[in-house]
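To keep things clear, I will list the structure first and then write my remarks on it.
The values are calculated or read from the model by the stated rules, or taken from the named source; none is laboratory data. Remember, predicted model here, so these are calculated numbers, not experimental data. With ideal geometry, Cβ positions are generated from the backbone for all residues, glycine too; neighbour counts draw on all protein chains shown.
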Amino acid sequence: MKSTIYHLHYDAEKFAIVILINEKAVPFLSGITPNNNVIKMLMKYFNFYPPNLFDFDQVNLSFTEKFGFNDASINSGIKDGFLEFVIPIPAQTLVKNEPCRECNGSGKNYLGERKCFSCNGTKLNRISNTLSVRSTVATLYLLLRYLDFTFSNFSEKNEKNKIKIPQDILLSISMESGQCKGGVAGGFSSEIDEKSKKLFQDLKIKEPYNFSEKAIGGPLVYLEKVHNDMVSFYGHMYGRPVSESESRCEFNASIKEDGRIYLQTIGVNGCSVYHERSGFGNMLDGLTLTCHNIDYYLQELTLLVGVISYYQMVSEI
Ligand SMILES: [Zn+2]
């Protein structure tokens, strides 16, 4: 694995996002303590607990232990020079072994002619898992923000720190949920852009998916693995599998000849992440990622998984 400041992986079996931090960069994360004002604010605002498990100074670098808001991530210790945090993304609803409150366990709607909307005909009660999802999003948000600062410390532009470490991806997400309040932003290095162009040439499936060609312009190549990772992740987090027609019509993962990607998930009016033309907002020297119409954590994290799955694929070239 290339010695960058950090890498992001997606573990499709565990539905987990993995953050691998270069051990040389770990000391720069010591600002993440329970006394940090951002952490205090998030704890208060979102009612998180317990405070003592978010302290980078206390992170044990060799043993598996919980880390983050409400134990959202697992610190797996240092492996091959990288400190590994595994962040399993929880489902947004949990199925309880009791009758569905909406249909009283009949599995049908009140007219009896369709499946109950709440339990999808399973007859079992479903309860919201919002606190768990939100604490996971907050943990990801905070780690990614601090890794941005860490990148600044090691970048070519920082003259104070003599150790320079390259970086190929920077990502940030929104902590909020609601109409257009979600978001995934960031960018890649020019090295990843070059690899993306090569990937376009190497991939065999030239058939574009639905309307994305019009949306982004020009020929597109379908990214099957990224598409499949997003679809299975969405099903896991939503609590029921994505249907074949939803997968075909609502999801998209494509790459353009110049290395730009276009990812789309379920949502009104094109909920997506894609490369924009300007470099504004990207601290790296490659293409900039921006997003459109992300409302909910489900959409935000599905698109984040898509970006990470793509990064993992392209960085292995
Ligand atoms: Zn029901």
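A few points about this structure:
- For first residues located in region 77-103 and under 30 Å from Asn22 (Cβ atoms), partners that are within 16 Å of the ligand (Cβ to nearest atom) and among the basic types (Lys, Arg) and lie 6+ apart or on another chain with Cβ distances below 9 Å do not occur.
- Residue-level check: of (1) outside any helix (DSSP H, G or I); (2) surrounded by 14 or more Cβ atoms within 10 Å (Cβ to Cβ); (3) modelled with pLDDT of 80 or more, Gly31 misses just (3).
Conditions tested, residue by residue: (1) more than 16 Å from the ligand (Cβ to nearest atom); (2) exposed (fewer than 15 other Cβ atoms within 10 Å of the Cβ); (3) assigned to a helix (DSSP H, G or I); (4) of a type in the set (Val, Ile, Thr).
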site	(1), (2), (3), (4)
Val86	yes, no, no, yes
Lys96	no, yes, no, no
Ser106	no, no, no, no
Thr122	no, no, no, yes
Val137	yes, no, yes, yes
Glu159	yes, yes, no, no
Ile163	yes, yes, no, yes
Leu170	yes, no, no, no
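- Pick from region 145-162, criterion in contact with a Phe, Trp or Tyr (Cβ under 9 Å, 6 or more places away or on another chain) and under 18 Å from Leu20 (Cβ atoms), ranking: modelled with the highest pLDDT: Leu147
- Any hit, region 281-298, residues being part of a helix (DSSP H, G or I), out of contact with any Lys or Arg (no Cβ under 8 Å at 6 or more places or on another chain), assigned by TED's automatic domain parsing to the domain that holds Ser177 and buried (at least 22 other Cβ atoms within 10 Å of the Cβ): yes
- Taken over region 227-248, residues that are part of a loop (DSSP other than H, G, I, E, B) and surrounded by fewer than 18 Cβ atoms within 10 Å (Cβ to Cβ) amount to 4.
- Selected residue [over 25 Å from Glu13 (Cα atoms), touching a helix residue (DSSP H, G or I) at 6+ places or on another chain (Cβ under 9 Å) and not polar (S, T, N, Q)] from Ile165, Ile87, Ile78, Ile173: Ile165
- Residue match in region 262-271 (condition: assigned to a loop (DSSP other than H, G, I, E, B) and either free of Cβ contacts under 8 Å to residues at least 24 places away in the same chain or more than 17 Å from Glu300 (Cβ to Cβ) (or both)): no
- All told, Phe149 falls short of being surrounded by fewer than 16 Cβ atoms within 10 Å (Cβ to Cβ) and either within 16 Å of the ligand (Cβ to nearest atom) or of a type in the set (S, T, N, Q) (or both).
- Single residue of Leu111, Leu131 found to be free of Cβ contacts under 8 Å to residues at least 60 places away in the same chain and away from the ligand (no atom under 13 Å from the Cβ): Leu111
- Filter result for the condition that a residue is small (Gly, Ala, Ser), touching an Asp or Glu at 6+ places or on another chain (Cβ under 7 Å), in the same structural domain as Val268 (by TED's automatic domain parsing) and surrounded by 19 or more Cβ atoms within 10 Å (Cβ to Cβ), over Gly182, Gly178: Gly182
- Lone unmet requirement of (1) surrounded by 15 or more Cβ atoms within 10 Å (Cβ to Cβ); (2) in contact with a Lys or Arg (Cβ under 7 Å, 6 or more places away or on another chain) for Val133: (2)
- Out of Thr136, Thr130, Thr150, sole residue that is of a type in the set (Ser, Thr, Tyr) and touching a Pro at 6+ places or on another chain (Cβ under 8 Å): Thr136
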